């Protein structure tokens, strides 16, 4: 029996006979043989999981970067054409180490999220062969008859055949925080919104109250959850600003390098200072071009960026944010829109008493309330909540909230129920909207406790509790006042319940609404809501201060969404123009919505398709969008957004899988922490890029001028060692620089921002030129005032001094880039211990190639005396002095 179209079928409009016939089943359920046959035909009742990349695929992906490809070509030419296999081996080693690190980090992130997503497969109570069995939910098939009761997870899409006071919490699917009352009645054969299909129970929702029986009409991918999973698979992932920036930077550098290499090659062939034969000259100049490529390409940049991001993920993990994809760390820093789900993300997904009206006065839930107040007694007596041994409350969220309110006010609910036990009841039903319980009192009389909808309960009231000691006749004025209070609380999106009671001498022979729920004494009103998280309002305020616009997207009702948004500061109270419903959104064309999207900050009663549309509309305006959520219905938008942020505790498995980052503590405020971390990461990557590119520009300029002047040029192995020794450790250490003051007071960078913006590009140019000129100056000084008179030794010393200067001047320059404009003396130059260790390590690595006899030959260098070392170190100090002077003029210019 196939169920390929079960998601779209209107099973809610069929009667029981038609359902049984369509699925070829009966009230006694399927036979074991038939169930086995259908399982083999349709597959298990589980969501399809995407294929994971193999280790080889992950490794291969690391070589798709254009800069890495150029380096590999350089290594190949260096080995095959020039027979410089040592140089080729070093280049290849750098690339492979970078790839291995990338694979390791990607696998580590996957393992972490897999551990977070692990959950046991729920079981299902099903009729097979006319008998009730408990099986794994994965073994369910269409046509199975399933029994549901409070505490169960709905194992598949089910059409209810009967129900008893049944309520199902569907917030993960619809976004509505209040459980939905379910009935088995047939609904009209027309399109009905998901949240209003009262006779359907959907996979992964939770039964909070009552019980019911139904037929499985959809399993696995043919369920509402499966449909959403399909949308996730089809959703296109957008490139992050970091990836876009690096790709753009890589292409620009590559073409620039190729152009300069071509010029140097042509100039070298034309000049031919040494009068070499053409074939030898071509090979010689090709080696020069390779040297230029090695010097110009920041081959360590991908690895360094990855390491900086990985260090960022480690810091974020300590602050309860688990990153699944490394670029997500930086993307948060450029976020301009945070589209947040309401239920469970901005709110606690837990009904809570907020207001109490009794004795003619409205009080907050935190105000004192006496255990002798009838309103407190009624709300906890007319209640089916179960208290487990560990103190956990089990039952309908509304009722557990009432009992929790009692506990919070030191009311011993269990003790009171033992003194005055329940002896009879009139269960809740959706028609009369009341629930009544009868309790034995110590004097032989009985207490009737009634709670329910205010409009229904007030019809049965004849008296009112005016004070603790006074009960008087209920008047029209009383009714008018109570309805006014009810409306006022409802306007604040509070769910209002009324409490009533009476004392009777004996239990009626027939306990029903007619004999019990009459002649009541009004005790009070209770206003409840799924409240906002305590830290959410501050997080919203911080987001706005940082130039980020928070937007609420929810499946809940408009009044509730608007009230919560107003309390959080997302909108101003009463700002109706900023609120739109899914139905209103459906009436808009994409063009019309694109014009008005900036107007709306709250979207109520929306579907998964709406969420994707909202995210896309902002992205079309060039905005970087982050989407937070915990429900299945959030997953497609989580994947479509620039960064999807899932919830680790309350989040569904589907939403976690679609996210780029998961909040382990479900704390909305952690997002702001993550944004700050993202901005810090971008700032530190900028510093690393400024350091790397200015250093590489200095190397390119040195090579270019040496070639034009006919001087000896630095060897590829020397340049590669400089890059390995001086680029890696200081650049990584710059990635853990402390957060600069005021970083959260800046506007978001946005999608079009560049690593070279904010004065970084101009600084790279002048600092790179300065490094090259100082290096050339040291080379020229060594030729003019040689230690050795022999030409070969003189040139070897000069080349060694140029090599040492070019390396060590970069280490001095690393202190300069701790801040673009601030003096190094004002940013605590030695505060970062990792930076100090990195610079010292790099210095040792360079020095070893010169002072250790075995390395001299390998690196084509000679030993330097004390005077020569003094000149090299003096050149490094000169680099700091000149940059400090330029920064001083820049600061003065900025002030003006």
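The values are calculated or read from the model by the stated rules, or taken from the named source; none is laboratory data. Given the structure is predicted, the values throughout are model-derived calculations rather than measurements. No Cβ is skipped: glycine too gets one built from the backbone with ideal geometry, and neighbour counts run over all protein chains shown.
Residues in segment 170-190 that are in a loop (DSSP other than H, G, I, E, B) and within 26 Å of the chain's Cα centre (by Cα): 170, 175, 176, 177, 178.
Restricted to segment 175-190, and to residues there that are in contact with a helix residue (DSSP H, G or I) (Cβ under 6 Å, 6 or more places away or on another chain) and within 22 Å of residue 609 (Cα to Cα), the residue that is surrounded by the fewest Cβ atoms within 10 Å (Cβ to Cβ) is 176.
Selection of segment 557-579 for residues being without any contact (Cβ under 8 Å) to a residue 40 or more places away in the chain, surrounded by 13 or more Cβ atoms within 10 Å (Cβ to Cβ) and either in the same structural domain as residue 495 (by TED's automatic domain parsing) or out of contact with any strand residue (DSSP E or B) (no Cβ under 7 Å at 6 or more places or on another chain) (or both) yields 566, 569, 575. Inside segment 817-849, can you point out the residues that are closer than 17 Å to residue 881 by Cβ and in a helix (DSSP H, G or I)? Those that are closer than 17 Å to residue 881 by Cβ and in a helix (DSSP H, G or I): 824, 825, 826. Only one of the listed residues (648, 644, 582, 622) is in contact with a strand residue (DSSP E or B) (Cβ under 6 Å, 6 or more places away or on another chain) and surrounded by fewer than 24 Cβ atoms within 10 Å (Cβ to Cβ). That residue is 648.
The test for being crowded, with 24+ Cβ neighbours inside 10 Å and assigned to a helix (DSSP H, G or I) holds for residue 675. Tell me which helices (runs of 4 or more DSSP H) are completely within segment 1-95 and hold 1 or more residues being at pLDDT 85 or above, or say none if there are none. The qualifying helices (runs of 4 or more DSSP H) are 16-22, 32-42. Looking at the structure I just gave you, is residue 613 touching a strand residue (DSSP E or B) at 6+ places or on another chain (Cβ under 7 Å) and not in a loop (DSSP other than H, G, I, E, B)? So residue 613 fails the test. Scanning segment 438-450 for residues that are under 20 Å from residue 356 (Cβ atoms) and either touching a helix residue (DSSP H, G or I) at 6+ places or on another chain (Cβ under 6 Å) or free of Cβ contacts under 8 Å to residues at least 12 places away in the same chain (or both) yields a single hit, 449. Every condition in (1) surrounded by fewer than 22 Cβ atoms within 10 Å (Cβ to Cβ); (2) more than 19 Å from residue 313 (Cα to Cα) holds for residue 699 except the one numbered (1). Among all positions in segment 191-202, there is at least one residue which is modelled with pLDDT of 85 or more, in contact with a strand residue (DSSP E or B) (Cβ under 8 Å, 6 or more places away or on another chain), surrounded by fewer than 21 Cβ atoms within 10 Å (Cβ to Cβ) and assigned to a loop (DSSP other than H, G, I, E, B). Look at segment 315-339: where a residue is at positive phi and touching a residue at least 12 places away in the same chain (Cβ under 8 Å) and a partner is surrounded by fewer than 24 Cβ atoms within 10 Å (Cβ to Cβ) and in a loop (DSSP other than H, G, I, E, B), sitting 6+ places away or on another chain with Cβ atoms under 7 Å, you get 320/664; 320/665; 320/667.
For segment 328-350, does any single residue satisfy the condition of being more than 34 Å from the chain's Cα centre (by Cα) and surrounded by 22 or more Cβ atoms within 10 Å (Cβ to Cβ)? Don't jump to the end; show me each part of the working.
Here is the first cut: in segment 328-350, the ones more than 34 Å from the chain's Cα centre (by Cα) are none.
Checked against the condition, which is being more than 34 Å from the chain's Cα centre (by Cα) and surrounded by 22 or more Cβ atoms within 10 Å (Cβ to Cβ), segment 328-350 yields no hits at all.
Against the numbered list (1) assigned to a helix (DSSP H, G or I); (2) buried (at least 24 other Cβ atoms within 10 Å of the Cβ); (3) in the same structural domain as residue 336 (by TED's automatic domain parsing), residue 597 comes up short only at (2). Among the residues that make up segment 428-436, is at least one of them farther than 14 Å from residue 516 by Cβ and under 42 Å from the mean Cα position of the chain (by Cα)? Yes - at least one qualifying residue is present in segment 428-436.
Among the listed residues 375, 413, which satisfies the condition of being in the same structural domain as residue 494 (by TED's automatic domain parsing), touching a helix residue (DSSP H, G or I) at 6+ places or on another chain (Cβ under 6 Å) and surrounded by 15 or more Cβ atoms within 10 Å (Cβ to Cβ)? After ruling out the rest, the residue left standing is 413. Only residues that are surrounded by 13 or more Cβ atoms within 10 Å (Cβ to Cβ) and part of a helix (DSSP H, G or I) were counted across segment 859-873, and they come to 5.
Between 573, 636, the distinction of being touching a helix residue (DSSP H, G or I) at 6+ places or on another chain (Cβ under 7 Å) and either over 25 Å from residue 350 (Cβ atoms) or in a helix (DSSP H, G or I) (or both) belongs to 636 only. Checking 245, 272 one by one, the residue that is at pLDDT below 75 and surrounded by fewer than 23 Cβ atoms within 10 Å (Cβ to Cβ) is 272 and no other. One residue stands out in segment 448-473 among those that are part of a loop (DSSP other than H, G, I, E, B) and more than 54 Å from the chain's Cα centre (by Cα): the one that is surrounded by the most Cβ atoms within 10 Å (Cβ to Cβ), namely 470.
The condition (being surrounded by fewer than 16 Cβ atoms within 10 Å (Cβ to Cβ), free of Cβ contacts under 8 Å to residues at least 24 places away in the same chain and closer than 29 Å to residue 445 by Cβ) is satisfied by just one residue among 418, 388: 418.
Conditions tested, residue by residue: (1) under 30 Å from residue 745 (Cβ atoms); (2) touching a strand residue (DSSP E or B) at 6+ places or on another chain (Cβ under 6 Å); (3) assigned to a strand (DSSP E or B).
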position	(1), (2), (3)
507	no, yes, no
518	no, no, no
551	yes, yes, yes
555	no, no, no
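Any chance segment 714-723 includes a residue that's surrounded by fewer than 22 Cβ atoms within 10 Å (Cβ to Cβ), outside any helix (DSSP H, G or I) and modelled with pLDDT of 75 or more? Within segment 714-723 (the criterion being surrounded by fewer than 22 Cβ atoms within 10 Å (Cβ to Cβ), outside any helix (DSSP H, G or I) and modelled with pLDDT of 75 or more), the answer is yes, since at least one residue qualifies.
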